[in-house]
Ligand code: 0X9
Ligand code: ZN
């Protein structure tokens, strides 16, 4: 059958304008006939289409042979054929070696297999009917010429530096530079990627101090890839639930999720999220629960997602391993079985498949230049770019890898504010509007229509468990203590730091700053591993997941245990809200709520701000009655956004200010504290209740010349630095500690630099000032509308329900005994 097609390849030509950095050429090829484009198989066979090039005539498979007319990209696409849609997959092989070149294995028949090919390379496009009723699908193959970039020039050398941001305003200065900030950092500095000389100029011009952490990211990237090859070639299973030893390709994720579902039909359901991506890919997820098909069974939903950011491969690996963990555990481990039986688990390993596929299939250049697709972060949105940069495909286009929207700045939560890019080329571009991207709308729809009580979104890197809010100016939620406790517990397993997201720097429009504030479901970001977006698999995936050296969670359980803690929290009624009552079999109960939440005042490219946008959300949860009493897990009816803000009522006045006396003399200059301990040390005492209630202290010192530099550190009785202020170019320092525990402290003054050492400019006016805690604020309470509809879809019950976290509300016989529904029925 295939030989018939040998001379009429289904090739369409792609013509892309030549641009700087990448040269494209037009390609001409014979037009394909309609018949060539229809692939057919009379029987389905559930197999991995990408595993092997099968002989012509194999059942369930059709094929086409083509020769690449270009050096560049092949793009093979499938679309549903006529009639009912089934599940077809696609793989492109090198005819000579039989090696897979590209593949796609999503759940339906919309596939995009894309990768690099060379001119005259002979390819076989293999279409596989995996399952379902469709005997045919429609195939298209495009080729796109491009010129390889070659190795980066010296000016393109990418490095990681640590930028010192000792003063609060330094973080603002750094954010304003719009550089590629990592999530690795602490109170006084952040690691930043410099993609080349232009970035180096920008940073130098800012006056911020910085030091190199990794001078050659290209080399690191090549070395990491080599280590990964060596690790995988040992041929031994890893300690992961799947035994996997190497980073998966997108098509492997897709195929594996389907196979999990096929092998466990009552426990696992694979499904496609609501909208395809900008490049037309389906986004694939699995749901794991006892009697999985009854999604309206009233159980709390625990959601784990990965790869909002294309280059953050470990995030997808941890997510899919968690799916395996739950399935294996359900069969073999009593405690996991019991947790799975009481919850519903949704896993979306790859939220941004367009970006991930590009990053995963790219050459490991790791040079972070505009055309380094391996280090692409964003999605594949092209139409926010200038018109001349909108051409080409996402893997090869004149705008390069910087084209696109940052999915983790596109959620509505505080959208448009600090820490998000305003223009198309920013690595943190927020998009044209809140939820302008299909990838974020997919998650919005999932979270809005299910009682997602618990959510973790996985990223790399920085060893962090982050909780809302992402912006310092948004005060902590009223229930900060419980959110913090949950974050801290998970961090005790993976060894990460548990902090509010703003603790590193401000961001707006991130996942949980929408999901938590709008729905009340707990939401955390994990930043996996201490260094690198996709460092060696053995460290960033295996060790971080199972909790083995060199991970910070070694011996503590690792992310596996952290995810189990989150699952246990989802199973715990004290951590969400519960409705109980009685409903006849076949009736459907629904709680829903529609509300508007303002974004941030919207920052404009010219530095001005426009008024906030009001974003309408509709959240709901459905319960399908099996008759009799029900127990239904939902989120609290009041949004954390309006419920209030955390604080503490003062129990006593704050302590009186303490002057810090300057000891005689001036210590020697010291630029390497604490390595060199030379400094002046002044002790002070923080009093306890009932004498004083301190919400914070501020230690301040000043001196005469801004060319002199004193640095200030505050240590507790154990010698830990609990606050510091070490800026340059000022004549004062202020170090702040919130909620300082009572005890002995020491202010440490380091003589960093004297304008005139012969005539020392000593510090003066040292003080410790105390302030009261800020009281909590309490907002309004919101209700759900609860409806009951009978088997015919008629409304038979209607009431309002207020329910708090940890509370169980009995709604009684809501379908048969609802006064409001009765009134409506009589009308
Ligand atoms: O910037 C992000 O979207 C996340 N970090 S990453 O390096 N993976 O891109 C973290 C967002 C939340 N963090 C802060 N508010 N700092
Ligand atoms: Zn990320």
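Any read-out appearing in this document is the output of simple, stated calculations on the displayed coordinates, not a laboratory observation. Just so it is clear, the model here is predicted, and its values are computed rather than measured. Glycine gets a Cβ as well: all are built from the backbone with ideal geometry, and neighbour counts include every protein chain shown.
Some notes on this structure:
- Shape class for the stretch 105-251: prolate, because the ratio a/c of the largest to smallest gyration tensor axis (alpha-carbon atoms, square roots of eigenvalues) is 1.5 or more and a/b beats b/c.
- Whole-Å distance, taken between Cα centres, linking the stretch 727-798 and the stretch 400-422: 25
- Relative protection proxy for 597-610, 428-441, from highest mean packing down: 428-441, 597-610 (other beta-carbon atoms within 10 angstrom).
- Efficiency of FRET between residue 685 and residue 169 - r from beta-carbon atoms, R0 35 angstrom, step 0.05: 0.70
- Mean Cα-pair separation over length for the chain, i.e. relative contact order, pairs under 8 Å, 6 or more apart, %: 9
- FRET E, pair residue 155, residue 390, Förster distance 25 Å, beta-carbon r, rounded to 0.05: 0.40
- Reported to the nearest whole Å, the Cα centre-to-centre distance from the stretch 324-350 to the stretch 508-561 is 18.
- With each label modelled as a point 7 angstrom along the Cα→C-beta vector, the residue 46-residue 58 pair spans 1.8 nm.
- Summarised as an ellipsoid, the stretch 255-576 has semi-axes of 29, 21, 20 Å, derived from the eigenvalues of the Cα gyration tensor scaled by 5 and square-rooted, with the largest first.
- Rg and Dmax [Cα atoms of the chain; Å; Rg one decimal, Dmax integer]: 29.1, 96
- To the nearest ten degrees, helix 313-332 and the longest principal axis of the Cα atoms of the chain are 70 degrees apart.
- Report note on the peptides 681-688, 342-349, 82-89, 167-174: ranked by the mean count of other C-beta atoms within 10 Å, highest first, their order is 342-349, 82-89, 167-174, 681-688.
- Relative contact order [Cα under 8 Å, 6+ residues apart], the stretch 446-516, whole percent: 41
- Distance between modelled label sites at residue 122 and residue 95, nm, 7 Å Cα→Cβ extension: 0.4
- Residues 572, 120, 513, sorted so that the one with the fewest Cβ neighbours within 10 Å comes first: 120, 572, 513
- Radius, Kirkwood style, for the stretch 154-215 when every pair of distinct Cα atoms is counted (Å): 11.4
- Between helix 438-449 and the chain: long-axis angle, C-alpha atoms, 0 to 90°, nearest 10: 80
- If the chain linking residue 781 and residue 642 were pulled fully straight, counting 0.36 nm for each residue of separation and taking away their Cα-Cα distance, it would gain 49.3 nm.
- Amide N of the stretch 457-498 lying under 20 Å from the label point, which is placed 7 angstrom from the Cα of residue 651 along Cα→Cβ: 479-482, 485
- Residues 378, 290, 184, 119, sorted so that the one with the fewest Cβ neighbours within 10 Å comes first: 119, 290, 184, 378
- Arranged from fewest to most other beta-carbon atoms within 10 Å of their beta carbon, 110, 129 become 110, 129.
- Estimated 222 nm signal from helices in the chain, with DSSP H stretches of n ≥ 4 weighted -39500 (n - 2.57), rounded to 500: -5500 deg cm²/dmol
- Convex hull volume per residue for the stretch 382-459, taking Cα atoms only, in Å³: 105
- Separation of the stretch 451-501 from the stretch 617-666 is 13 Å, based on Cα centroids.
- For the stretch 67-122, the relative contact order comes to 48 percent (Cα pairs under 8 Å, sequence separation of at least 6).
- On the basis of the beta-carbon distance and an R0 of 56 Å, residue 671 and residue 275 show a calculated FRET efficiency of 0.55.
- Gain upon complete extension [residue 771, residue 201; 0.36 nm per residue less C-alpha separation]: 201.0 nm
- Relative to the longest principal axis of the Cα atoms of the chain, helix 250-263 runs at roughly 70 degrees.
- Gain in span if fully extended, residue 84 to residue 610, counting 0.36 nm per residue against the direct Cα distance: 184.6 nm
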